[in-house]
Amino acid sequence: MSQKTTQTLAPDAQGLARGADILRAGGLTAFPTETVYGLGADATNDTAVARIFEAKGRPRFNPLIVHVASLDVAQDIAQFGAVATLLAAHFWPGPLTLVLPLRPGAVAPLVSAGLDSVAIRMPAHPVAQGLLAALGGPVAAPSANPSGKVSPTRAEHVLEGLDGRIDAVIDGGACAVGVESTIVLADDTAPCLLRPGGVAVEDIEAVLGRPLPVGGESATPSAPGQLASHYAPDAAVRLNVTAPTRNELWLGFGDCRGAQMNLSPKGDLVEAAANLFQMFRALDLFAEGSKGIAVAPIPETGLGRAINDRLRRAAAPRE
Ligand code: TXA
Ligand code: MG
């Protein structure tokens, strides 16, 4: 990945405008929330979202939390049932993330890792709110740390891990909460806790008027293998294919003449990651269960590791 100069921006109107301009142009701006610093990208831009994974060095595509400025924006992205409406009314803005049915096409497919659900929260931090207002749209953001490292609660921590890998960090001082948001699967019939965090479970239970059980394995798509089962295409998938058979649709990478689709004709892994989920879905649709999908070799470097991880799951034998 390219080395860049990471700007430190002040948390004033000028810094927020600059941070939003970077997001609008498809770049990455880290920003403070009340929980931890987030590494933000325009949630509607697949290439920008792919850069998050590249900058963090994530070995696989975990679904990300979408940050919104208002309930209106959230409702454009996800379907709110009674439980979600109740919890949002009580805890937003604040450190609570709701997992809800995604409105198809509302955010880049990479944000939800191709799932039919999406995680959303409205942060309370004035700098986060200012950035979202300046952009005027949703921001996808995981914690702003390299994969496998602890979450940052100061701008200096962000730079320690990501200096030269992101465009900017807005310095808003120390985060008040310091642990990530609580994540709730806000289902009307069986709501459950997916991750403990900044809002106490007891407080959520008090509002719901019933216990909030811990979500089972099946509710946690971050667990390896789980995502694959949500996502496995109907078509049989074969990897590292340079010469597809007549019964296969070819998904290319780099110079692959005759490919039905190409993740990146110029061999750019960021572009390939951005296209992965949508092209896979499109080919699966074309295949109509009668043809297989053959995927060209993808180099096992940078984002290629995450892409290959995903592809191996898709190609794994089905139960
Ligand atoms: O406080 C926070 O939540 C911080 C700040 C920046 O907002 N963000 C954060 O993001 O902790 P991250 O990427 O480190 O954690 C996101 C979690 C992951 O564990 C992921 O599995 C879960 O959210 N998640 C995202 N989308 C999901 C979905 N559709 N279903 C279930 N879990 C989801
Ligand atoms: Mg994290």
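So which pairs qualify, if the first residue must be in segment 112-133 and of a type in the set (D, E), the second must be within 10 Å of ligand 1 (Cβ to nearest atom), the Cβ gap must be under 9 Å, and the two must be at least 6 apart or on different chains?
D116/P101; D116/L102; D116/H230
I'd like the residue in segment 51-65 that is farther than 11 Å from S143 by Cα and touching a strand residue (DSSP E or B) at 6+ places or on another chain (Cβ under 8 Å) and, out of all such residues, is nearest to ligand 1 (Cβ to nearest atom).
That would be P63.
For segment 136-156, which residues satisfy the criterion of being in contact with a Lys or Arg (Cβ under 8 Å, 6 or more places away or on another chain) and either under 16 Å from P32 (Cβ atoms) or without any contact (Cβ under 8 Å) to a residue 24 or more places away in the chain (or both)?
P142, N145 - these are the residues of segment 136-156 that are in contact with a Lys or Arg (Cβ under 8 Å, 6 or more places away or on another chain) and either under 16 Å from P32 (Cβ atoms) or without any contact (Cβ under 8 Å) to a residue 24 or more places away in the chain (or both).
I need the full set of residues from segment 157-194 which are in contact (Cβ under 8 Å) with a residue 60 or more places away in the chain and in a strand (DSSP E or B), in order please.
Of everything in segment 157-194, those that are in contact (Cβ under 8 Å) with a residue 60 or more places away in the chain and in a strand (DSSP E or B) turn out to be A168, V169, I170, T182, I183, V184, L185, L194.
Scan segment 250-272 for residues that are closer than 15 Å to L311 by Cα, in contact with a strand residue (DSSP E or B) (Cβ under 6 Å, 6 or more places away or on another chain) and of a type in the set (A, V, I, L, M, F, W, C) and jot them down.
W250, L251
Which condition from (1) modelled with pLDDT under 95; (2) more than 14 Å from ligand 2 (Cβ to nearest atom) is the one that A186 breaks?
Failing condition for A186: (1).
Which one of G137, G114, G164, G173 is under 23 Å from N275 (Cβ atoms) and at pLDDT 90 or above?
Checking each option against the conditions leaves just G137.
Being exposed (fewer than 15 other Cβ atoms within 10 Å of the Cβ) and not small (G, A, S) is the filter here, so list the residues in segment 5-23 that pass it.
T5, D12, Q14, listed by residue number.
Can you tell me which residue is farthest from S112 (Cα to Cα) among those in segment 273-319 that are small (G, A, S) and touching a helix residue (DSSP H, G or I) at 6+ places or on another chain (Cβ under 6 Å)?
Going through the qualifying residues, I end up with G302.
Going through segment 132-162 one residue at a time, which ones are within 15 Å of ligand 1 (Cβ to nearest atom) and of a type in the set (D, E, K, R)?
K149, R154 - these are the residues of segment 132-162 that are within 15 Å of ligand 1 (Cβ to nearest atom) and of a type in the set (D, E, K, R).
Given the residues A282, A259, A287, A274, which is the only one that is at pLDDT 95 or above and among the aliphatic types (A, V, I, L, M)?
On the way: A282 fails: at pLDDT 95 or above; A287 fails: at pLDDT 95 or above; A274 fails: at pLDDT 95 or above.
When all the criteria are applied, what remains is A259.
Run A78 past the list (1) within 24 Å of D167 (Cβ to Cβ); (2) within 13 Å of ligand 1 (Cβ to nearest atom); (3) of a type outside the set (F, W, Y) and report the number of the one that doesn't hold.
Looking at each condition in turn, A78 falls short on (1).
Test of understanding: among D42, D72, which residue is more than 17 Å from G172 (Cα to Cα) and free of Cβ contacts under 8 Å to residues at least 24 places away in the same chain?
The conditions single out D72.
Could you check segment 37-154 for helices (runs of 4 or more DSSP H) lying wholly inside it with 2 or more residues that are more than 15 Å from ligand 2 (Cβ to nearest atom), over 14 Å from the mean Cα position of the chain (by Cα) and more than 27 Å from L269 (Cα to Cα)?
Where helices (runs of 4 or more DSSP H) fall fully within segment 37-154 and carry at least 2 residues being more than 15 Å from ligand 2 (Cβ to nearest atom), over 14 Å from the mean Cα position of the chain (by Cα) and more than 27 Å from L269 (Cα to Cα), they are 71-77, 82-91, 126-135.
The values are calculated or read from the model by the stated rules, or taken from the named source; none is laboratory data. If you're wondering where the values come from, they're calculated on a predicted model, not measured in any experiment. Cβ atoms come from the backbone with ideal geometry, glycine included; neighbour counts cover every protein chain shown.
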